[in-house]
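The values are calculated or read from the model by the stated rules, or taken from the named source; none is laboratory data. Please read these numbers as outputs of a predicted model, since none were measured by experiment. Cβ atoms come from the backbone with ideal geometry, glycine included; neighbour counts cover every protein chain shown.
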């Protein structure tokens, strides 16, 4: 899920707009100024219980199981993207350590087989010791910025950079590369294959040795998949479409909840697609819509027709039927996105947005509560869908450099603000990224300016490291609540 919150104009920066890799939101100041003419908001590119142990696997959600040794190997913890941890996360904004890369990042953190923190920065992929933030190894990527990683069942590490999918062993040694021919999305690891979508509509399945197993082609863009327990793949694409495949590449169905549209080229990569979906315990597939202007003539973008610019969350049955849709009744925003949700143990859906809010919805699509992160003019208003601790606490990162802990009842427990909502000397937002939680509840997040931050979990005993300055939030500040 990409950015999650706006108040005034903001636009997704260069090609990345969703829950990982090229779904990486940035606000652009110049674009905001241009779009103010249209008075538009545009999408940013700007309670859980303990997991059940089943035959050596940890079952965290409705998707493919994750090996018990892999605590958070992929964005939002598992192939179903439910975002739930079996550990209790930080109870305060006390830091363990911070690590500075010296270059900017376009990736999120995930955890390697041994719990090490993996993150990409311009020109290299790094592996950090989770206890103190020391550098264990790095892998050079030249001029390319590596995507968010995905870790396989044997500890192998997969990531995208430019047009390629690359595989490393657990010690950072190169295994193989696969050329997609077009800009590749962040890879997704299944039980017997590595999958990757692309901006060119090419979806590939590779075996663990880098050989091509099968491929499919779509018009427009297609994201890398979320994966259910049966190994079926669910890929979002343009325009606002969802596509289901079996693990051997057979097309199961296509869904076009906004109609079979041909909108033309978006102003950003991944604009006007559905967000990478998440999958509930009953197999329901949830996908938010990532809206954005179209390329227009001259310096003016073309607006989306009708109500397409209003972000929606869609719920689909495993057979592809639309069960329901939800849109936030925002009176002050013509353009906004709702991101695919994290999913609590009780089925509650927690969605980030690009209108400064985290929304809690029932599995039937009714608003339970909303939390406003604090509307500040001049800051990117996007909030990612949160990661969820075992106690139901939510950890929501924003594209203005904030991390906010929210209770399952929609109250603020603590927050951290980096103090730099925009990158220095640049026109992009300084994203804090959705955090993984390790087995002790320690929390890790990448900041776009080139840092990895670590917070102490409820049982974490971190050591060493430098403590970044932190800004205290008001404990137990209520969000805006709306009853069912």
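Looking only at segment 403-417, which residues are assigned to a loop (DSSP other than H, G, I, E, B) and either under 21 Å from the mean Cα position of the chain (by Cα) or closer than 18 Å to residue 376 by Cβ (or both)? Talk me through it step by step, then tell me what you get.
Our first condition is that a residue be assigned to a loop (DSSP other than H, G, I, E, B); within segment 403-417, this holds for 407-410.
Within segment 403-417, 407, 408, 410 qualify.
Could you tell me which numbered condition residue 378 fails, if it satisfies all but one of (1) within 26 Å of residue 428 (Cα to Cα); (2) under 20 Å from the mean Cα position of the chain (by Cα); (3) in a loop (DSSP other than H, G, I, E, B)?
Going through the list (1) within 26 Å of residue 428 (Cα to Cα); (2) under 20 Å from the mean Cα position of the chain (by Cα); (3) in a loop (DSSP other than H, G, I, E, B), residue 378 breaks only (2).
Test residue 119 against the criterion of being in contact with a strand residue (DSSP E or B) (Cβ under 6 Å, 6 or more places away or on another chain) and assigned to a strand (DSSP E or B), and give yes or no.
So residue 119 passes the test.
Considering only residues of segment 312-345 that are in a loop (DSSP other than H, G, I, E, B) and closer than 14 Å to residue 394 by Cα, which is nearest to the chain's Cα centre (by Cα)?
It comes out as 341.
Hey, any hits in segment 421-429 for a residue that's buried (at least 24 other Cβ atoms within 10 Å of the Cβ), closer than 24 Å to residue 80 by Cα and within 20 Å of the chain's Cα centre (by Cα)?
no
Identify the single condition in (1) modelled with pLDDT of 85 or more; (2) touching a strand residue (DSSP E or B) at 6+ places or on another chain (Cβ under 7 Å) that residue 192 does not satisfy, given that it satisfies every other one.
Here residue 192 clears every test but (2).
Condition first: more than 13 Å from residue 139 (Cβ to Cβ) and in a strand (DSSP E or B). Now tell me which residues in segment 165-187 satisfy that.
Result: 165, 176, 178, 179, 184.
Suppose the filter is exposed (fewer than 15 other Cβ atoms within 10 Å of the Cβ) and either at pLDDT below 90 or not in a loop (DSSP other than H, G, I, E, B) (or both); does residue 269 pass it? So that I can check it myself, show each step before the final result.
Details: exposed (fewer than 15 other Cβ atoms within 10 Å of the Cβ): no; either at pLDDT below 90 or not in a loop (DSSP other than H, G, I, E, B) (or both): yes.
No; evaluated as a whole, the condition is false for this residue.
Any idea which of (1) modelled with pLDDT of 85 or more; (2) crowded, with 24+ Cβ neighbours inside 10 Å is the one residue 229 doesn't satisfy?
The single condition residue 229 does not satisfy is (2).
Which of the numbered conditions does residue 148 fail, given that it passes all the others? Conditions: (1) in a strand (DSSP E or B); (2) crowded, with 24+ Cβ neighbours inside 10 Å.
That leaves (1) as the condition not met.
Looking only at residues that are outside any loop (DSSP other than H, G, I, E, B) and modelled with pLDDT of 95 or more in segment 418-440, which one is nearest to residue 381 (Cα to Cα)? Working first, answer last.
At the first step, the residues of segment 418-440 found to be outside any loop (DSSP other than H, G, I, E, B) are 422, 428-429, 432, 437.
From what's left, modelled with pLDDT of 95 or more: 432, 437.
Details: 432: 12, 437: 24 Å.
The residue in question is 432.
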